[in-house]
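A.B. asks: Here's a structure for you.
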Amino acid sequence: MSTITKRDWASHAAYISPEYKSTLLRGVSQSLVDIDPELSELTGPAYGAEVLGPLDHDLTKNGQVNGEPQGERIVVTGRVLDENGNPVANTLVEVWQANAAGRYVHKADQHDAPLDPNFLGSGRCLTDANGCYRFYTIKPGAYPWGNHSNAWRPNHIHFSLFGPSIASRLVTQMYFPGDPLLALDPIYASVPAGARERMVADFSIDVTEEGFALGYIFDIVLRGVNATPMED
Amino acid sequence: MSLKQTPSQTVGPYFAYGLTAEQYHYPQSQIASGAMASDETLGERIRIVGQVFDGQGERINDAMIELWQANAAGRFDHPNDARQSRPLDPNFKGFGRVGTGTTADNSFRFDTIKPGAVQDGRAPYISVILFMRGLPNHAYTRLYFSDEASLNAEDPALNKVDSARRDTLIATRHETSTGVEYRFDIHMQGPHETVFFNF
Ligand SMILES: [Fe+2]
């Protein structure tokens with residue numbers, strides 16, 4: 001018997017969350033149509049080590065041109081689990097973020113903060129057999145955006161994960177503990193209280209590498225996909 | 001269940017250099033693109049083209065679309081599909097990813113093959129996952145084919161959809177001088193709002 005746990009809508013934002021203004025014209029407005037999962041939902045793309053370059057897990061190195069990137073070096077690690085607590089092994093984790101000054105490499109980012117010639121701000125890694133991932137980067141800066149007057153995004157790292165099937169697909173953002181901008185951010189706040197806190201990483205002195213990088217732990221829980229492989 | 005799902009967040013406006021870097025001419029690599037089929041891939045070559053529209057009918061220039069599909073034999077390249085009677089195609093993975101920010105008209109384009117039906121007698125389709133700034137949770141839909149009308153009429157998922165909205169899931173086939181093209185526009189809101197699924 002193959003099962004997929006449903007999206008837990010109490011853990012996710014409403015498609016139209018008025019305080020986050022661009023949802024007003026872009027959010028799904030009609031009710032989703034419930035369908036029974038088929039083999040198409042029990043499967044999904046499986047990427048492995050073949051898509052990893054030697055520096056993909058180290059954003060402090062993968063954009064270097066003539067030196068170290070500016071900013072506070074950090075290490076981010078965590079476990080990817082399903083809702084039953086089982087590790088999601090060998091799944092791809094893609095990340096992208098602003099540099100220490102709050103500027104994205106993206107050409108559309110017009111924020112008047114410096115680009116860093118030694119920082120690209122994107123990478124990827126795989127979880128291991130225990131569902132653990134780990135990457136090095138620079139702590140991203142806050143940046144302004146046009147949602148409302150004096151709007152600033154909290155420091156965050158974007159994450160994209162696959163898990164075992166297209167049902168477990170997740171794109172989210174990791175935030176930093178104690179950030180005063182969290183209380184003012186409509187994107188963070190669009191997620192119900194009690195759930196949004198799961199997107200805030202924990203600082204860990206144990207993960208912190210002495211003399212090198214502060215450590216953060218960000219565990220991620222994906223929808224559970226329990227499938228018996230379909231045979232002829 | 002002991003653990004709660006990590007909440008979803010929007011992909012934001014700046015995904016391109018992280019997820020679709022080559023398409024947007026950034027130096028990093030990307031894992032998948034709109035070129036899903038190679039010369040060696042088995043099956044009927046098709047092109048899927050469309051645009052994404054917001055609630056005012058404006059084209060969206062920062063959406064990302066992912067496709068997931070079976071190969072020409074109706075087999076998924078995944079361990080949960082272990083049906084030896086439907087061979088894997090070593091030249092087809094079945095996953096594509098494209099952003100709408102690199103064409104003048106914000107269209108997306110996938111060069112792929114028409115999937116086989118996953119079960120005999122069923123309609124073929126492609127799973128579509130949509131991401132964009134202003135979309136807090138990715139949205140799932142499906143692309144069915146206009147030339148499969150009789151199979152589409154029997155499809156269990158399509159039959160869950162109000163008949164007046166079913167057309168939003170049917171890509172229309174055109175024979176062009178450069179091959180078979182299916183047109184699949186996505187409307188986030190309005191009278192033609194695309195049907196999105198929950199499963
Ligand atoms: Fe961001």
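A.B. asks: Out of the strands (runs of 3 or more DSSP E) lying entirely within the range B:127-199, which hold 1 or more residues that are touching a Ser or Thr at 6+ places or on another chain (Cβ under 8 Å), more than 7 Å from chain A (Cβ to nearest Cβ) and surrounded by fewer than 18 Cβ atoms within 10 Å (Cβ to Cβ)?
C.D. replies: B:170-176, B:179-183
A.B. asks: In this structure, does B:K93 turn out to be away from the ligand (no atom under 16 Å from the Cβ), surrounded by fewer than 18 Cβ atoms within 10 Å (Cβ to Cβ), basic (K, R) and within 7 Å of chain A (Cβ to nearest Cβ)?
C.D. replies: Here the answer is no, as B:K93 does not meet what is asked.
A.B. asks: Follow-up. So which residues in the range B:105-126 are facing chain A (nearest Cβ under 10 Å) and either of a type outside the set (V, I, T) or part of a strand (DSSP E or B) (or both), if there are any at all?
C.D. replies: If the condition is that a residue be facing chain A (nearest Cβ under 10 Å) and either of a type outside the set (V, I, T) or part of a strand (DSSP E or B) (or both), then B:P115, B:Q119, B:R122, B:Y125, B:I126 are the ones that fit.
A.B. asks: Taking the range B:3-20 only, how many residues are part of a loop (DSSP other than H, G, I, E, B), within 7 Å of chain A (Cβ to nearest Cβ) and within 16 Å of the ligand (Cβ to nearest atom)?
C.D. replies: 9
A.B. asks: Give the residues of the range B:51-71 that are surrounded by fewer than 21 Cβ atoms within 10 Å (Cβ to Cβ) and within 16 Å of the chain's Cα centre (by Cα), sorted by residue number.
C.D. replies: So in the range B:51-71, the residues surrounded by fewer than 21 Cβ atoms within 10 Å (Cβ to Cβ) come out as B:51, B:54-59, B:61.
The one that is surrounded by fewer than 21 Cβ atoms within 10 Å (Cβ to Cβ) and within 16 Å of the chain's Cα centre (by Cα): B:Q51.
A.B. asks: Filter the range A:118-158 down to the residues that are farther than 17 Å from A:Y216 by Cα, more than 16 Å from the ligand (Cβ to nearest atom) and either hydrophobic (A, V, I, L, M, F, W, C) or at pLDDT below 95 (or both) and list them by number.
C.D. replies: Of everything in the range A:118-158, those that are farther than 17 Å from A:Y216 by Cα, more than 16 Å from the ligand (Cβ to nearest atom) and either hydrophobic (A, V, I, L, M, F, W, C) or at pLDDT below 95 (or both) turn out to be A:L126, A:A129.
A.B. asks: Pull out all pairs, ordered by first then second residue, where Cβ-Cβ is under 9 Å, the residues are six or more apart or on different chains, the first lies in the range B:119-130 and is more than 18 Å from B:R183 (Cα to Cα), and the second is among the basic types (K, R).
C.D. replies: From the range B:119-130, no pairs qualify.
A.B. asks: Can you tell me which residue is farthest from the other protein chains (Cβ to nearest Cβ) among those in the range A:1-52 that are among the β-branched types (V, I, T) and free of Cβ contacts under 8 Å to residues at least 60 places away in the same chain? Reasoning before the result, please.
C.D. replies: Here is the first cut: in the range A:1-52, the ones among the β-branched types (V, I, T) are A:3-5, A:16, A:23, A:28, A:33, A:35, A:43, A:51.
Going one step further and asking which of them are free of Cβ contacts under 8 Å to residues at least 60 places away in the same chain, we end up with A:16, A:28, A:33, A:35.
On the way: A:I16: 9, A:V28: 5, A:V33: 5, A:I35: 4 Å.
Among those that are among the β-branched types (V, I, T) and free of Cβ contacts under 8 Å to residues at least 60 places away in the same chain, it is A:I16.
A.B. asks: Check A:H106, A:H111 and return the single one that is part of a loop (DSSP other than H, G, I, E, B) and within 8 Å of chain B (Cβ to nearest Cβ).
C.D. replies: A:H106
A.B. asks: Let me ask another. Can you pull out every residue in the range A:72-117 that is among the aromatic types (F, W, Y) and modelled with pLDDT under 95?
C.D. replies: Within the range A:72-117, the subset among the aromatic types (F, W, Y) is A:96, A:104.
Result: A:Y104, single match.
A.B. asks: Mind checking which residues of the range A:75-113 are away from the ligand (no atom under 16 Å from the Cβ), farther than 28 Å from A:A46 by Cα and buried (at least 19 other Cβ atoms within 10 Å of the Cβ)?
C.D. replies: Correct list: empty.
A.B. asks: Give me the pairs, please: first residue somewhere in the range B:8-33 and farther than 13 Å from A:V95 by Cβ and in contact (Cβ under 8 Å) with a residue 12 or more places away in the chain, second residue anywhere and of a type in the set (D, E) and away from the ligand (no atom under 16 Å from the Cβ), beta-carbon distance under 6 Å, and either six or more positions apart or on two chains.
C.D. replies: B:Q30/B:E22
A.B. asks: Go through the range A:201-230 residue by residue and tally those that are surrounded by 20 or more Cβ atoms within 10 Å (Cβ to Cβ) and either within 19 Å of the chain's Cα centre (by Cα) or under 22 Å from A:G178 (Cβ atoms) (or both).
C.D. replies: Here the count works out to 8.
A.B. asks: Same structure again: Can you find a residue in the range A:178-189 that is away from the ligand (no atom under 15 Å from the Cβ), more than 9 Å from every other protein chain (Cβ to nearest Cβ) and under 29 Å from A:E41 (Cβ atoms)?
C.D. replies: No: zero hits.
A.B. asks: I've got another one for you. Any residue at all in the range A:124-134 that is more than 18 Å from the chain's Cα centre (by Cα) and either touching a residue at least 40 places away in the same chain (Cβ under 8 Å) or at positive phi (or both)?
C.D. replies: Yes; the residues of the range A:124-134 include at least one that is more than 18 Å from the chain's Cα centre (by Cα) and either touching a residue at least 40 places away in the same chain (Cβ under 8 Å) or at positive phi (or both).
A.B. asks: Please tell me if A:I166 is within 8 Å of chain B (Cβ to nearest Cβ), surrounded by 21 or more Cβ atoms within 10 Å (Cβ to Cβ) and more than 16 Å from the chain's Cα centre (by Cα).
C.D. replies: When the stated conditions are applied, A:I166 passes them.
The values are calculated or read from the model by the stated rules, or taken from the named source; none is laboratory data. Keep in mind that what you see is a predicted model, and the values were worked out from it rather than measured. Note that we place each Cβ from the backbone using ideal geometry, even for glycine, and neighbour counts take in every protein chain shown.
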